[in-house]
Each structure stands twice: as C-alpha cells, then as structure tokens.
Amino acid sequence: MLGFVRTDNEALVSCLGDPQRTTAAYRELLRRGEDAVHAIRAGLRDRNPGVREGCCRLLDHLVDTESMGELVTMADDSDARVRIAAFHALACDRCKGDTWAPGPDQVLEPALHHLTADPDPHVRAMAAELVGKFARSDARVAAALKESHANDPSPAVRKKAGWLARRAEAGASTGR
C-alpha cells in the first residue's frame, strides 16, 4: 500500500518530512481522517519542521477541539513555514466547513503579536487574515490593521492589512 514499508499513522506522519513521500502520506492521512488525528497531533512535536508543517496543514482539515491549543502553540514555532501553516489553519473556515472556529479569546493575542512582530512577512500576512476575522468585534484589531497598513516593511502585508481594515470599516458602517 502506497509503497511504504510501514503504513501505520505514526509512520505516515514521519513521511511528511520526506519530500519524496510527503504528498502520498498527506493524502492517506487526510483520507484516514479522525483515526489519524492523534498521530498528527503528536507530529506537531517532531524535530523535522516539514513534519510539523504537514501536521498543521492536516489539522486545518481535521481539527478537533483538542487540537486547537496545539495549533495556537504552533504559531510560535521556530520555522516560518510552520507558523504560516498554523495561522492558515486557525484562520481558514472554508477548509473546515462549520465544524470548528476558534474564538478571539484563544487566537487574537498571538495573531496580534505576530502581525506586528514576526520577522517573516508571510507569517505577518497570515496573522493579518486571522486578526481580520475579529475586526468588527475588537477595537484593537482595527488599530493593528491600520498600523500594519501604514508601516509594515512588506508591500504585500501593507496591502492585505489595508484591504482588511477597509472591509472592517465598511462592515461597521453598514451594521454587518
């Protein structure tokens, strides 16, 4: 099956760090769904950042309430690719349907911190997306987005923050 010597969940998770096996392992773990979630959560602590990134990407689709705190922790990972995947998993409702949406009490503080202080512009852009989800419910969000729009060194982050800030203002003025 799949050309792997071992096909248990743990072995497939470790294959997420192997460029030759990542895609097949990812697809199989995603197919296994909640049966693989325990091994995927354990993979968040792997030494290999490719494994941690793959686990964040999988939890984007397979997240459960027990994984929420672990994804928030991954937003502080030492590898930018892992932080990007973690913020995407926390921000993207489309990938999850209506099964899970983190509240501002769980994700807003880390997202605000990374929006203003992360050294990687891609991480700041993903943090902006997560922050933008709460623009209508928290005054700090509008201020942070406006600050990023005006002063972030990355044109892409400035553009995204400006778009999110304008969208929030438009929603506030229409009462949505």
Restricting to the stretch 74-85, name every residue that is assigned to a helix (DSSP H, G or I) and in contact with a Pro (Cβ under 9 Å, 6 or more places away or on another chain). ALA80, ARG81, VAL82
Within the stretch 40-63, which residues are open to solvent by 20 Å² or more (accessible area, probe 1.4 Å) and of a type in the set (D, E, K, R)? ARG41, ARG45, ASP46, ARG47, ARG52, GLU53, ARG57
Which condition does VAL37 not pass, out of (1) at pLDDT 95 or above; (2) surrounded by fewer than 14 Cβ atoms within 10 Å (Cβ to Cβ), if it passes all the others? (2)
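Taking the stretch 10-20, which residues are open to solvent by 30 Å² or more (accessible area, probe 1.4 Å) and either modelled with pLDDT of 95 or more or closer than 18 Å to VAL82 by Cα (or both)? Give the derivation first.
First pass over the stretch 10-20, keeping only residues open to solvent by 30 Å² or more (accessible area, probe 1.4 Å): 10, 14, 18-20.
Scanning the stretch 10-20 gives GLU10, SER14, ASP18, PRO19.
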Quick check: anything in the stretch 120-135 over 23 Å from GLY69 (Cβ atoms) and at pLDDT below 95? yes
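Has the stretch 29-41 got at least one residue that is among the charged types (D, E, K, R) and within 26 Å of ALA125 (Cα to Cα)? Give the steps one after another, and end with the answer.
Quick first cut of the stretch 29-41, residues among the charged types (D, E, K, R) only: 31-32, 34-35, 41.
Those left that are additionally within 26 Å of ALA125 (Cα to Cα): 41.
Yes, that holds for at least one residue.
Go through the stretch 134-149 residue by residue and tally those that are open to solvent by 70 Å² or more (accessible area, probe 1.4 Å) and either over 16 Å from ALA91 (Cα atoms) or part of a helix (DSSP H, G or I) (or both). Reasoning before the result, please.
Within the stretch 134-149, the subset open to solvent by 70 Å² or more (accessible area, probe 1.4 Å) is 136-137, 139-140, 146-147, 149.
Add one more test, that the residue is either over 16 Å from ALA91 (Cα atoms) or part of a helix (DSSP H, G or I) (or both), and what stays is 139-140, 146-147, 149.
Total meeting the criteria: 5.
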Residue pairs, Cβ under 7 Å, 6 or more apart or interchain, first in the stretch 152-175 and open to solvent by less than 60 Å² (accessible area, probe 1.4 Å) and outside any helix (DSSP H, G or I), second among the polar types (S, T, N, Q) and at pLDDT 95 or above. List them. none
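The values are calculated or read from the model by the stated rules, or taken from the named source; none is laboratory data. Just so it is clear, the structure is predicted and the values come from calculations on it, not from any experiment. Quick reminder, even Gly has a Cβ in these numbers, built from the backbone with ideal geometry, and neighbours come from all protein chains shown. Note: accessible area is taken over every heavy atom of the protein model, side chains too, but ligands, DNA and RNA are not part of it. Shrake-Rupley method; radii C 1.70, N 1.55, O 1.52, S 1.80 Å.
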